[in-house]
Amino acid sequence: METKFKDVAHLYLGCDIVWKQYSGDYTDGTYGTDLYNSKLLREISLGNGKAIPILRPLSDMTEEEYQHTSVCVSIESNDYIREAENTLYLLSKHFDLFRLIESGQAIDAATLK
């Protein structure tokens with residue numbers, strides 16, 4: 001089953017987006033973290049526009065980021081807590097955990113460099 005961005009948008013608060021406005025308060029453009037907030041989530045849910053997140057593929061992970069997730073795995077004994085902490089860490093770094101880039105619902109940040 002393909003994940004829809006609207007179903008996981010709240011997990012990516014803080015990432016940069018490209019916004020396409022249909023109606024409402026915003027204009028088309030690329031916006032940073034200052035705009036992508038709960039008010040914009042409301043605009044998305046109302047169908048007033050389309051947010052396209054700019055995310056990082058997992059293949060873009062640095063050695064430091066990889067080591068961080070490995071350290072979390074080796075230190076924490078509870079599997080659920082360990083996996084939750086790794087997921088939160090990867091989301092905070094704007095990694096695409098739901099194949100949104102592959103399905104055309106997100107922009108690969110590496111292509112914008």
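Just so you know, all these numbers are worked out from the coordinates, no wet-lab data involved. Predicted, not measured: the structure shown is a model, and the values here were computed from it. Please note: Cβ atoms are built from the backbone with ideal geometry, for glycine as well, and neighbour counts cover all protein chains shown.
Computed from the C-beta positions of residue 84 and residue 6 and an R0 of 22 Å, the FRET efficiency is 0.45 to the nearest 0.05.
Among 69, 87, the ranking by other beta carbons within 10 Å of each residue's beta carbon, starting with the fewest, stands as 87, 69.
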